[in-house]
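Report on the structure given below.
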Amino acid sequence: MLILGIESSCDETAAAVARFEESADGTVRRELLSDCVASQIAVHRLYGGVVPEIASRAHSEAICSVTAEALEKAGVCLRDIDAIGVTSHPGLIGALLVGTNFAKGLAYACGKPLVAVDHIRGHIAANYYEYPDLEPPFLALVVSGGHTSLIRVRSHVEFETIGRTRDDAAGEAFDKVGRVIGLSYPCGADMDRLAYEGDAMAYSFPSAAISDGSLDLSFSGLKTAALNLINSMSQKGIEYRREDIAASFTRALTSSVVKRLRDALALTGDRRLVIAGGVSANSHLRNAVTALCDELGIGLCMPPRSLCGDNGAMIAAQAYYEFKAGNLADIALNAEA
Ligand code: KG4
Ligand code: ZN
């Protein structure tokens, strides 16, 4: 079957078409036919972060053409589509409403089934294309600009959050520290690059792995320690290399996440780990998680960089499994922040 996936929860308007074919033995072949993203980053960069009102308007402008482009690149038309999946939560409410109402309109006009997709489930599902054998159960780490969670994926549609950030998300911490050292929004990719040129041992920052027996994280303390250090050095006229800040901050963040993964894998006994979300593009994190999985003999799945950030492909993949489980939305679907 062919699924059209639509995503508009934050600052990317995205649509994709994917084909899912179930064989007699129940295995599903997952093939991405097109994946189109209209990024709003250039607009939000002027303000140092996402401006929700601007995001909603930009989604309105782009959503028709991005969807048309996804259909065209896949070589299909709306008539061929078997179901329409759309992100309904969580995210910026105005941005989500553009996507959900557009998808509802399409589904209603064309008589197609509509599937509401959880954005975080979608991030995890982005891995299904790259890894044809990937099937639950497995442990997933979702690290993005808005979310950081450790999730046990019990089946394609059953998820249990076993750890989460209690405050900032990992990407948010990268963005805030990056901003103070003069990088432009979003700062994650530049922090990644700068960290190679700095001394990771130059500064020591507190761990984000909370020591209270839970699997939770707190990036706020780590972020604040970095911001305080930078501000106090600036006030005292002490020169610092921003590469050293990037490298030391990245080391602290990465080792906190790896610690939490080690704890979670020991607790759950899972033998397969999936990472997902914008921050899963971070090469230092990818290297550290690869080393952990090599050490423990755990199978690791990481999305290609093109599918780490927000995209329609991930929504199409999760929509397929929600559809198969009978989780259909009706035309009264609403978005939830
Ligand atoms: O998944 P995503 O596109 O949006 C949300 O669902 O939040 O994630 C965006 C976040 C931003 O904070 C961005 O700075 C971060 O992902 N990011 C990175 C890298 N590439 C993007 N963070 C660290 N290293 C990267 N290479
Ligand atoms: Zn996302």
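For the range 9-65, report the convex hull volume of the alpha-carbon atoms normalised per residue, in Å³, without decimals.
96 Å³
Could you tell me what fraction of 2.2 N^0.38 Å the Cα radius of gyration of the range 76-130 comes to, as a two-decimal ratio?
Ratio of Cα Rg to 2.2 N^0.38 Å: 1.21.
Projecting each Cα onto the charge dipole of the chain (Lys/Arg +1, Asp/Glu -1 at the beta carbon, about the Cα centre), which of ALA337, GLY277, ASN231 comes out farthest on the positive side?
ASN231
Multiply the residue separation of SER234 and GLU21 by 0.36 nm, subtract the distance between their alpha-carbon atoms, and state the gained length in nm to one decimal.
Between SER234 and GLU21, full extension yields 70.9 nm more.
What list of ³J(HN,Hα) values in whole Hz, one per residue of the range 29-37 in order, does the Karplus curve 6.51 cos²θ - 1.76 cosθ + 1.60 (θ = phi - 60°) give from phi, with Gly and Pro shown as x?
Listing the rounded values in order: 8, 10, 10, 8, 9, 7, 7, 10, 10 Hz.
Scan around SER207 for amide H atoms under 5 Å from its own, H built in the peptide plane at 1.01 Å from N, and keep only partners 5 or more places away or cross-chain.
none
For THR165, enumerate residues with amide H under 5 Å from its amide H, sequence gap 5+ or separate chain, H modeled in the peptide plane.
THR148, LEU217
Taking the Cβ-Cβ separation of ILE331 and TYR47 as r and a Förster radius of 30 Å, what is the calculated FRET efficiency to the nearest 0.05?
Values: r = 35 Å, r/R0 = 1.17.
The pair ILE331/TYR47 has a calculated efficiency of 0.30.
How much of the calculated P(r) for the range 140-211 lies past 14 Å, in percent of all Cα pairs?
Beyond 14 Å sits 68 percent of the P(r) for the range 140-211.
Determine, from the Cβ-Cβ distance of ASP82 and ARG57 and an R0 of 35 Å, the FRET efficiency 1/(1 + (r/R0)^6), rounded to the nearest 0.05. Working shown, then result.
Details: r = 31 Å, r/R0 = 0.89.
Efficiency, rounded to the nearest 0.05: 0.65.
To test your reading of the geometry: what angle, between 0 and 90 degrees and rounded to tens, separates the Cα axis of helix 242-268 from the longest principal axis of the chain?
Tilt relative to the chain: about 60 degrees.
Enumerate the calculated ³J(HN,Hα) couplings along the range 282-290 in order (Karplus 6.51 cos²θ - 1.76 cosθ + 1.60, θ = phi - 60°), each rounded to whole Hz, writing x wherever the residue is Gly or Pro.
5, 5, 5, 5, 4, 5, 5, 5, 4
To the nearest 10 degrees, how steeply does helix 219-235 sit against the main Cα axis of the chain, on a 0 to 90 scale?
With both axes taken from Cα atoms, the answer is about 50 degrees.
Read phi for every residue in the range 40-56 and hand back ³J(HN,Hα) as whole Hz from Karplus 6.51 cos²θ - 1.76 cosθ + 1.60, θ = phi - 60°, with x for Gly and Pro.
Using θ = phi - 60°, the values come out as 9, 3, 4, 6, 5, 4, 4, 9, x, x, 6, 9, x, 4, 5, 4, 4 Hz.
In terms of Cα to Cα distance under 24 Å, which lysines are near enough to LYS104, apart from those fewer than 8 places away along the same chain?
Counting by Cα, and skipping residues close in sequence, LYS104 has these lysines nearby: LYS73, LYS112, LYS324.
For THR290 and SER39, compute 0.36 nm times the residue count separating them, minus their Cα-Cα distance, and round to one decimal in nm.
Full extension from THR290 to SER39 adds 87.4 nm.
Taking the chain on its own, what percent of its Cα-Cα pair distances exceed 39 Å?
In whole percent, the share of Cα-Cα pairs in the chain beyond 39 Å is 14.
Cut-off is 10 Å between beta-carbons; in what order do MET314, MET201 appear when sorted fewest neighbours first? Kindly include the intermediate steps, with their values, before the conclusion.
Details: MET314 36, MET201 10.
In order of increasing Cβ crowding within 10 Å: MET201, MET314.
May I ask you to order 63-70, 6-13, 99-106, 270-277 by the average number of other C-beta atoms within 10 Å around their residues, highest value first?
With the highest mean Cβ count within 10 Å placed first, the list reads 6-13, 270-277, 99-106, 63-70.
Work out, in µm²/s and without decimals, the Stokes-Einstein translational diffusion coefficient of the range 6-134 at 25 °C, 0.890 mPa s, Rh from Kirkwood over C-alpha pairs.
159 µm²/s
Can you spot the lysines whose alpha carbon is less than 21 Å from LYS259's alpha carbon? Ignore those fewer than 8 places along the same chain.
Within the straight-line cut-off, LYS259 pairs with LYS223.
Compute the separation of the alpha-carbon centres of the range 136-160 and the range 245-323 and state it in Å as a whole number.
10 Å
Readers should treat all values here as calculations from the given coordinates under stated rules, not as data from a laboratory. The structure presented is a predicted model; accordingly, all values stated were derived computationally and were not measured. Because the Cβ atoms are built from the backbone with ideal geometry, glycine has one as well, and the counts that use them run over all protein chains shown.
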